[in-house]
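First the structure, in the form of structure tokens, and then the observations on it.
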Amino acid sequence: ALEYFGVARTRHAYEHCINADLLEGDARAFCLDYARFEQNIGEIDRSRAILTHGSQFADPRRHPEYWKQWKQFEIDHGNEDTFREMLRIKRSIAATFAQQYYNFTAASAVEKPEASENAMAELEKAQGEDAGGLTGFVKAAAANEGEKVEPENPDEIDLGDDDDDEEDDRSVKEDVHLEEQPIPQAVYGGLQVRHP
């Protein structure tokens, strides 16, 4: 393409291919080819930017060849800072793919609820009919419909929240007489005070 169309049109063709809805493997391969093309014509910074863009398609655990080529590129053309930046991006991409893998496996587990129900049934059989000695544990089958069951807490502290106490507090508050005193002039610090 370079012979027939020149550098600008070849770049446009590579960018169009990479931005198209390609599979990750194809986009990764196009990024490596495009980076190699830019490296051959002396555009090192542009090549590095393309490798950075292509890294989002390359899981370091599944596609180590991509990262080997980028590492070799940095050894040949980069410095310590660019090499560290490549390693930082590699760690970031590895964490992203690990999170995506975790979300994928969690979604798979949700799609198959019969497996988790069977596991729960097996756990209940292993523990037996009682709650395994857990205090405050109430089985769902123990409560009748519409009946509110509150577990007892042996460590509960009685705060004395009875209705009788509220009436006593009101009577005490009504019996208190407060005396009003005038505010000393020193508090106002020389400001003029309006008296009602």
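The values are calculated or read from the model by the stated rules, or taken from the named source; none is laboratory data. Just so you know, these numbers come straight off a predicted model, no measurement behind them. Positions of Cβ are generated from backbone atoms using ideal geometry, with glycine treated the same way; all protein chains shown enter the neighbour counts. Surface accessibility is based on the protein's heavy atoms, side chains included, excluding ligands, DNA and RNA. Shrake-Rupley method; radii C 1.70, N 1.55, O 1.52, S 1.80 Å.
For the structure I just gave you, tell me whether Gln56 is in a helix (DSSP H, G or I), touching a Ser or Thr at 6+ places or on another chain (Cβ under 9 Å), open to solvent by 20 Å² or more (accessible area, probe 1.4 Å) and at pLDDT below 90. In short, yes. When you look at Glu15, is it acidic (Asp, Glu), buried (at least 16 other Cβ atoms within 10 Å of the Cβ) and in a helix (DSSP H, G or I), yes or no? Considered against the rule, which asks whether it is acidic (Asp, Glu), buried (at least 16 other Cβ atoms within 10 Å of the Cβ) and in a helix (DSSP H, G or I), Glu15 comes out as no. Restricted to the stretch 24-53, and to residues there that are assigned to a helix (DSSP H, G or I) and of a type in the set (Asp, Glu), the residue that is most open to solvent (accessible area, probe 1.4 Å) is Asp45.
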